[in-house]
Amino acid sequence: MRSLRCATLVGVEAREVVVESTLTKGLPSFNIIGMVSQAIKEAGERVKSALLSNGFKFPPKRITINLSPSELSKSGSHFDLAIALSIVLEQLERESKEWFVFGELGLDGSIKESSAIYPIVLSLANAQLLKKAIVPKESLKKLSKIPNIELYGFEKLAEVVDAFENDAFVKNGDQKPLDAPSIEVEGKRYYFLQEYKNDFFDIKGQEVAKRAALISAAGFHNLLLEGSPGCGKSMIAQRLVEILPPLSLEEILEISKIKVLSSKEPDFLPRRPFSAPHHTATPASIFGGGSKNAKIGEVGMAHLGELFFDELPHFSKNVLEALREPMQDRVIRISRVNAKVEYASDFLFVGAMNPCPCGNLLDEAKECRCSDLEIQRYKNRLSEPFLDRIDLHVTMQKVDAKDKPTVDSKELHQKVIEAFVFAKKRAQERFNASLSDSECERFCVMDEEAKRVLQTATERFALSFRSIKSLQKVARTIADLAQSEVIRKEDMLEALSYRKREKR
């Protein structure tokens, strides 16, 4: 018996699969077992044709291919090459247990790329399960971005067999550096772009909202913008994603993996994703789902980037309440009869809403047509537990014809990068908004005046434990922007100014 290693996707993560083959006496047959999909069952005909087209004799024996573990559901055409090689190596009596093998076979023996190969190899590499792999040569452009693995690309089945026969493998998937601006902090490199297609310079006035957007970007704090129609809520949300902190190589590869799973071509650039589902979108499209195989949704595609909900109160109650879990735990859990999947969903949430159904409540020049009951019903669509998970609440200022641009995206982005470096130098791994309680105690150090301000606010506003921690984290980000080691009184006071107000 000879075996090779392959893998299958379970949700967004890969699980290792051992491809075993036996050739025994009996009536000629070809069976693939191990809870396999129709695509893998069809591999038999592709493997037969590929072997015969490349001068190999198909053994007139009872051939059994087992994909282990048998209780794991497997799918994908990338098993073809591993199945064909296991048959050939059984005849050659060659060992190959240390090799991972991926590739779809053409009828002429050509090795083709499969959309599942990149996320599988990346997932295995991140889990430190894969060190060297045989892959289609056309996949090297993508796979060579993944560090610390050896890749051997081939175009034909005969080439792979010849390499095994002569033990002549030539590594041709050397890692290529990213072509983007970068900074090095504490021995680790982080990458970013300086392309601002949507510039904050386009926004006139709204100084409070722009300051809140800067704090939100620097600490990855959830942000809620409330204001009259046309005051610039969506403009700020669309520009915020371009000033978010730099990305590590691992994060860039993780974003690329999600793009591949979403049937998009990855560009391997340090660009954070932006997801903005419409308020009529179904819960399944936002959170992911599927009756048999769980699929990634808009929330998952916003991982490491920004999730923007415009017209926030118009989203269904089910969607808003379900959003509380990923906002708090940074993961999405999809549970179905045939699939239970958990995947990372660490995003910056930005919501935008009008002050009332007609939008004119805060406008001095226009009359509000809404009754008190309609306004109350509109605001009651957002529950207190949901609002409690948003760190920054901003009421947009009145639009004035005299307002002028004051700051551009490049300047704001530079401030975010400086705050990012400042936080990393104190050995802080996560953004301020994601700090655990123990990390908050360690990093959110306040001076005596700041402590007194927080204590007074706690007693006056009857703040919950979550609200207290949220204030500390926001104040920590404000202190980072000022390059201050400790949280000062003015930092805490500014953090309090973004606190959730009582409903009108």
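No value in this document is a laboratory result; all are computed from the given coordinates. Please read all numbers here as calculations on a predicted model, not as lab measurements. Here the Cβ positions follow ideal geometry from the backbone for every residue, glycine too, while neighbour counts run over all protein chains shown.
Summary of values
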read-out	value
Order of Phe154, Phe79 - criterion: other Cβ atoms within 10 Å of each residue's Cβ, fewest first	Phe154, Phe79
Cα pair distances of the range 203-352 binned at 10 Å [whole percent]	11, 40, 35, 13, 2, 0
Value in Å of the Kirkwood radius, where the range 2-166 supplies the Cα pairs that are averaged	15.6 Å
Net charge dipole size for the range 185-415 [Lys, Arg +1 and Asp, Glu -1 on Cβ; Debye, nearest 20]	500 debye
Structure-based [θ]222 nm, the chain - -39500 (n - 2.57) summed over DSSP H runs of at least 4, per residue, nearest 500	-10500 deg cm²/dmol
DSSP-assigned coil residues among GluC sites (Glu not before Pro) in the range 114-203, each with at most 12 further Cβ atoms within 10 Å	Glu186, Glu195
Set of lysines with alpha-carbon distance to Lys97 below 17 Å, sequence-local pairs under 8 removed	Lys131, Lys132
For the range 344-417: Kirkwood Rh in Å [reciprocal of mean 1/r, alpha carbons]	15.8 Å
For the range 360-436 and the range 119-198, distance of Cα centres in Å	40 Å
Helix 43-53 axis, angle to the chain major axis (alpha carbon atoms, nearest 10°)	50 degrees
Loop-located GluC sites (Glu not before Pro) in the range 434-504, at most 16 other Cβ atoms within 10 Å (DSSP)	Glu485, Glu502
Farthest toward positive dipole pole in the range 309-420 [+1 Lys/Arg, -1 Asp/Glu at C-beta], among Leu312, Ala344, Phe420	Ala344
Order of His314, His413 under a 10 Å beta carbon neighbour criterion, fewest first	His314, His413
Percentage, to the nearest whole number, of Cα pairs in the range 435-504 over 18 Å apart	31 percent
For Ser256, Ser383, order by how many other beta-carbon atoms lie within 10 Å, fewest first	Ser383, Ser256
[x] 28.9; [y] 24.8; [z] 26.8, with the label sought being that of the calculated mean projected area of the Cα convex hull in nm²	[z]
